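First the structure, in the form of structure tokens, and then the observations on it.
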Amino acid sequence: MSGDIKRGTAEMTAAMLISGTIGWFVVMSGQPVSGVVFWRCLFGAITLLVICGALGLLRPGILTLRTFAIAVLGGIAIVVNWLLLFASYSHATISIATTVYNTQPFMLLVLGALFLGEKITAAKLFLLTLAFAGMMAIVQAKPGGSGDTFESYSLGILMALGAAFFYALAALAAKWLKGTPPHLIALIQVATGMLMLAPMTDFSQSPQDAESWAILVSIGVVHTGLMYVLLYGAIQRLPTHLTGALSFLYPIAAILVDRLAFGHALQPMQIAGAAIILLAAAGMNLGWTPRWLRPRALQG
């Protein structure tokens, strides 16, 4: 294994494990969702500003007005994605919300077909159908907690689906920004979020103790700034199939954290649905084609 592959694997693994713990930090912060996202954007912006400055990305001429506008629109989408995802935790548990959130590749598939003219192959259509079947299994399952209601559980699933959709919109914007330094895009996104949420953030509910502030700083510095650096470093070093494979450490880590920290165990139907969704998403990321859908000349 080459040095780049080893380093990229370590960076991607660290990025996904960090992502898998964010649900715990959000819940333990005790802050309203809009407040959590505001502080994430603020501390993330400070961190990324330092990183972009160190990388020499703050000089004039890197961005055109068009690329800046697209990055801002992507920032709006990514912030709405965070708001919906974090809000879904209290309705459908971190495990279920994160699993449903991993339908993002299919949202991007449809958006790519609509706006970029990308072709939806029979194999991708099969995987999309498979993911939908997994989603229906999760929807039909009973909520995990005795105090939960089906209405609240369903709302959590819808929020996670909405988060996946807005993440896909942000990813679509990123496709139009090919060649723009990703750390600079991330800085514009979190700065956009900070400006978006400042008017609606109740600062009177800000944390009153050092532990709560430490959690919010971690969400901004570690789960945003550091995670972006690790993720983009890994993407630059790893082949696509390895990046896709390692990305599934994120939902697995989130499910384990939810189980160990909050005692949320998936029900049998939820386990089946989650497995189907993650299998389909793996197939999408890794470019799997079922044998019976391959052209006859390629079978052997």
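Bear in mind that the values in this text are calculations on the coordinates, not laboratory data. Being a predicted model, the structure only gives us computed values, none of them experimental. As a convention, Cβ positions derive from the backbone with ideal geometry for all residues, glycine included, and neighbour counts pool all protein chains shown.
Counting only C-alpha contacts under 8 Å and six or more residues apart, can you give the relative contact order of segment 1-160 as a whole percent? Intermediate values should be presented prior to the final figure.
On the way: 73 pairs, mean separation 45.0, N = 160.
That works out to 28 percent.
Looking only at Ala171, Ala69, Ala45, which one moves most when the chain is put into a Gaussian network model with springs between Cα atoms under 10 Å?
Of Ala171, Ala69, Ala45, the Gaussian network model singles out Ala69 as fluctuating most.
Label points 7 Å out from Cα along the Cβ direction at Thr13 and Met28: separation in nm?
Modelled inter-label distance: 2.3 nm.
Under the 0.36 nm per residue contour assumption, what length would be gained going from the current alpha-carbon distance of Lys175 and Asp4 to full extension?
So the chain would gain 59.1 nm between Lys175 and Asp4.
Mind checking which of Leu226, Leu125, Leu65 has the largest fluctuation in a GNM of the chain, springs on alpha carbons under 10 Å?
Ranking Leu226, Leu125, Leu65 by mean-square fluctuation puts Leu65 first.
Counting only helical runs of four or more DSSP H residues, what would the 222 nm mean residue ellipticity of the chain come to if each run contributes -39,500 (n - 2.57) and the total is spread over all its residues?
The helix contribution divided over the chain gives -24500 deg cm²/dmol.
Can you give the direction-averaged projected area of the convex hull of the alpha-carbon atoms in segment 1-95, in nm²?
8.5 nm²
Calculate the all-directions average of the projected area of segment 59-101's alpha-carbon convex hull, and give it in nm².
About 4.0 nm², averaged over all directions.
May I ask you to work out the translational diffusion coefficient for segment 58-131 at 25 °C, viscosity 0.890 mPa s, via Stokes-Einstein with Rh from the Kirkwood sum over Cα pairs, reported in whole µm²/s? Present the calculation step by step, with values, prior to reporting the outcome.
Details: Rh = 15.0 Å.
The Stokes-Einstein estimate is 163 µm²/s.
On a C-alpha basis, how far is the centre of segment 149-199 from the centre of segment 1-53 in Å? Whole number, if you could?
Rounded to whole Å, the Cα centres lie 14 Å apart.
Evaluate the relative contact order of the chain (contact order divided by residue number), counting alpha-carbon pairs under 8 angstrom at least 6 apart; express in whole percent.
Relative contact order of the chain: 43 percent.
Which of Phe25, Phe203, Phe166 comes first, and how do the rest follow, when ranked by fewest Cβ neighbours within 10 Å?
Fewest-to-most ranking of Phe25, Phe203, Phe166: Phe203, Phe25, Phe166.
How far apart, in nm, are two points set 7 Å out from the Cα along the Cα-to-Cβ line at Val50 and at Ser204?
That separation, rounded to one decimal, is 3.3 nm.
Given a Förster distance of 22 Å, report the FRET efficiency between Glu151 and Ala265 from their Cβ-Cβ distance, rounded to the nearest 0.05.
Numbers: r = 22 Å, r/R0 = 0.98.
After rounding, the FRET efficiency stands at 0.55.
For labels at Leu158 and Ala272 in the simple 7 Å Cα→Cβ model, what's the distance in nm?
2.6 nm
Which length gain, in nm to one decimal place, applies between Leu286 and Ile252 when the Cα-Cα distance is subtracted from 0.36 nm times their residue separation?
Details: separation 34, 0.36 × 34 = 12.24 nm, distance 1.74 nm.
Separation in residues times 0.36 nm, less the Cα-Cα distance, equals 10.5 nm.
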